[in-house]
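Coordinate-derived values only; no laboratory data. What you see is a predicted model; the values in this text were computed from it and never measured. With ideal geometry, Cβ positions are generated from the backbone for all residues, glycine too; neighbour counts draw on all protein chains shown.
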Amino acid sequence: MLLSLIVHTYSLRYWLPATVMLGTAPAYLLSWGVWRFLSTLLPARVYHNVDDQLYSIYQSMVLFFFEKYTGVEIVVYGEIPKKKENVVYLSNHQCTADWIIADMLAIRQDALGHVRYVLKDGLKWLPLYGWYFSQHGGVYVKRSARFDEKAMRTKLLSQTISGTPMYLVIFPEGTRYNPELKNVISDSQAFAAKEGLAILKQTLTPRMKASHIAIETMRGHLDAVYDITVAYDSTLDAAGQRRPAPSMPEFLCKECPRVHIHFERVDMAEIPPEPVFFRRWLHERFEIKDRLLTAFYNSEDPDQLRRFPGEGRGSPLSVTKTLPSLLILGGLTLPLLLTESGRKLYVKTWVYGTLLGWLWVKVRP
């Protein structure tokens, strides 16, 4: 009985925030749909400005749970610019919670609404969200030979021409680094050896296509590249050895007490445009990440409070940045759930919104 209660209580840590985040999606999409209809005859810049504000509200609500609810400590190494910039965000990739880290940095620059992602093609089939991420400026890409360079260039160029604020998140490794998947790591290292590149131990070998296309297509629109290296405290076992990074459910279950974020701003003038030199530049950036992560996991701190080299500072987020968004979306959702007609609209939004979204991404990949 006691064990069942403990298990039930533990599961509520995840299901409560997950229910709220998923449960408010129809109200959010309905609000966005109204704006999309009203803005049809308005300039694209006007549409994007309000769309970014709406997106910021939703993502702020998400961060209420991932930061305030979990109580995670964010430790930042390096100076985050106070002003908003148009950037490409390059990071190592370990788990499904990595995209939240980009939000955590963006909200500290008041640029949360500008966040857009380069995502795996399969994610476009997510109910409601998959289609909307594309509408918000996200780019879906396939791997290797199926990678559609023209489609990516066209989408990014259209946003550049319209002056869309850009905080484009890319994970160049293409897939998550999991220390338990030895075959994935060995294949990645074999690829690096074949290409004459340095062997990386704490990250996978970065692939250059998406990063290079994004930076070159938007070079005149971008202010910088943000080079981000992330380490999670929960990826250390009792012996101090690296284990898989926390999933989103584990993160929401408060299994990650601290996230370390190494931030470096790279000016556009430092990034070579030629593909051959860009590949070398990108790999060198990941060599730096590899050294940072090696130092993090090899720390001799007796309390196992691992740190990146250099000075790290806690970066608490004010509840005023997140709680109002939770109240706004909750206020929009409750009226739908409290009336019969509202509940019908709510269900229809999930069902027909998902089906129409799937049709859209199928017809217009």
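Please compute the length gained on full extension between LEU22 and THR96, using 0.36 nm multiplied by the number of residues separating them and subtracting their Cα-Cα distance. Walk me through the numbers before you get to the answer.
Values: separation 74, 0.36 × 74 = 26.64 nm, distance 1.61 nm.
Answer, rounded to one decimal: 25.0 nm.
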Any idea how far apart PHE191 and LEU338 come out in nm if each label point goes 7 Å out from Cα toward Cβ?
5.2 nm
In whole angstrom, note down how far apart the Cα centers of the stretch 18-75 and the stretch 194-210 are.
35 Å
At 7 Å along Cα-to-Cβ for each site, give me the label-to-label distance between THR294 and LEU12 in nm.
4.7 nm
If you average the sequence gap of Cα pairs under 8 Å that are 6 or more apart and divide by the length of the chain, what percent do you get for the contact order?
27 percent
Could you give the length gained by full extension between LEU305 and ARG45, i.e. 0.36 nm per residue of separation minus their alpha carbon distance, to one decimal place?
89.0 nm
Taking the Cβ of ASP52 as the center, what net charge do the other residues with Cβ under 12 Å away carry, scoring Lys and Arg +1 and Asp and Glu -1?
+1
Which pairs in the list LYS142/LYS182; LYS124/LYS201; LYS84/LYS289 are over 29 Å apart, alpha-carbon to alpha-carbon?
LYS124/LYS201
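How large is the Rg to Rh ratio of the stretch 52-205 when both quantities use alpha carbon positions and Rh follows Kirkwood? Please report the intermediate quantities before stating the final value.
Values: Rg = 16.8 Å, Rh = 17.2 Å.
Rg/Rh for the stretch 52-205 comes to 0.98.
GluC sites (Glu not before Pro), restricted to the stretch 120-228: which are DSSP loop and have at most 15 other Cβ atoms within 10 Å? Intermediate results must be reported in sequence, preceding the final value.
On the way: sites: GLU149, GLU173, GLU180, GLU195, GLU216; in loops: GLU173, GLU180, GLU195.
For GluC sites (Glu not before Pro) across the stretch 120-228 that sit outside H, G, I, E and B with at most 15 neighbouring Cβ atoms in 10 Å, the list reads GLU180, GLU195.
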Can you work out the FRET efficiency for the pair PHE37 and LEU323, with r the C-beta to C-beta distance and R0 = 25 Å, to the nearest 0.05?
0.25
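Between the DSSP loop rule and a limit of at most 13 other Cβ atoms within 10 Å, which trypsin sites (Lys or Arg not before Pro) in the stretch 28-121 are left? Show your work: numbers first, answer last.
On the way: sites: ARG36, ARG45, LYS68, LYS82, LYS83, LYS84, ARG108, ARG116, LYS120; in loops: LYS82, LYS83, LYS84, ARG108.
Answer in residue order: LYS82, LYS83.
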Could you give the size of the charge dipole of the chain about its Cα centre, using +1 on the Cβ of each K and R and -1 on the Cβ of each D and E, expressed in debye and rounded to the nearest 20?
1120 debye
Would you please state which residues of the stretch 201-228 a label at GLU149 would reach in this model, taking the label point 7 Å out along Cα→Cβ and a backbone N cut-off of under 17 Å?
207-219
Label model pair ILE199, SER162: point-to-point distance (7 angstrom along the Cα→beta-carbon line) in nm is 4.8 nm
